[in-house]
1. May I ask you to compute the full-extension gain from residue 296 to residue 163, defined as 0.36 nm times their residue separation minus their alpha-carbon distance, rounded to one decimal in nm?
2. Just grab the label-to-label distance for residue 60 and residue 271, each label 7 Å out from Cα along the Cβ direction, in nm (one decimal).
3. Using bins 5 angstrom wide from zero, how does P(r) for the stretch 198-300 break down, in % of all Cα pairs?
4. Can you tell me how the stretch 136-223 classifies by the Cα gyration tensor, rounded, prolate or oblate, using a/c under 1.5 as the rounded cut?
5. Can you put 278, 64, 38 in order of accessible area, largest first, using a 1.4 Å probe?
6. With charges only on Cβ, +1 for K and R and -1 for D and E, what is the dipole size of the stretch 155-304 about its Cα centre, in debye, rounded to 20?
7. Highest mean first, what order results for 174-182, 44-52 on Cβ atoms within 10 Å?
8. Roughly how many Å² of residue 141 are accessible to a 1.4 Å probe, to the nearest 10?
Amino acid sequence: MAVPGSVGWVGAAVARSLRAVIRLDASTFLLQWATGGMLFGWFTTRRREVSLGYGWLLRITYGMLALAGFAWAIAYGFLAGRDLAALAVAVSCAVGLGVSIQRRKAGVSGQLAEFDRRSARIDAMTGIERTAPSSAAKGVEFPPVLDLVPVAIGTVGLVFAGLDAGGNAAVAVLRTLVGAAFLGAITDAMLLGHWYLTQPGLPRRLLNELVDALGWIWPVEVGALLLPTGMISVWTGAVDDGWNGTLGWMWLACALTTLILVLVTKAALKERSYSAVMAATGLLYLAILSAFGTDLVARAVLAG
């Protein structure tokens, strides 16, 4: 026989459960995005072929994301290890930006070398001499390793965030770290694709490397989200998504769409025309939406 008031108690418990199912921790997500973005920013700029502005763009963008994560935590729930790391990531991005601006006259060695190579080729073909900017480069160049400082700090903060997430600690930390790499790779690939508009001579190899990295991370990201308790539990009904399993199938659609778009992007980049890079960038626009859906839909269903 039902105890008076038990219906109301059960209803409240169900409501709390549904709220937990859709809970998202914005501070963790923003720190993931900033850390992964800086990691793959270094991955590209370490070759010293992309112009200085690209590094400035990434440091400003991801520094602001990390700072936003810290501000969100102050307002809605502070986790010392994670959120102090987020603040330190923002500061280290600012320091890296300052050093790069201070040393801007040194230029970018790979970019200048490529300019000299092309100048020599044009001179040999046409006899038209071009003044190479490398002769004007002065001072010590920006050290790419400096961009790994916010990555290292952010990784520590993400370990704290993963341990605080509940459930199996190892799985939670794995999901948090792999998610950071996944979000960072897709975002930087999309941004780099746009950068070819400002630096048309940029080797296509750099964008190919980022897309390849995304292709390697995809199975790890999806596999981590399938580990128990994972998205399989949504399909079996062991985890209630509040939508009769619809969110589980939505997640699968996002994951498969991301993979398909990565493969199509790779195919587009094999074309020799310059427009292929712009086509690849357009595909990456779509891929960033499905990739974020892959990570965020799973996080929404499995959180709590």
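1. Result: 46.0 nm gained on full extension.
2. Output for this residue pair reads 3.1 nm.
3. 2, 12, 22, 19, 14, 11, 8, 6, 4, 2, 0
4. Oblate shape, in that a/c is at least 1.5 and b/c is the bigger or equal ratio.
5. Of 278, 64, 38, the descending order of accessible area is 64, 278, 38.
6. The calculation lands at about 460 debye.
7. Descending mean neighbour count gives 174-182, 44-52.
8. For residue 141, solvent-accessible area is about 50 Å².
The values are calculated or read from the model by the stated rules, or taken from the named source; none is laboratory data. Computed from a predicted model, the values in this text were never measured in an experiment. With ideal geometry, Cβ positions are generated from the backbone for all residues, glycine too; neighbour counts draw on all protein chains shown. Protein only, heavy atoms only, side chains kept; ligands, DNA and RNA dropped before computing areas. Shrake-Rupley method; radii C 1.70, N 1.55, O 1.52, S 1.80 Å.
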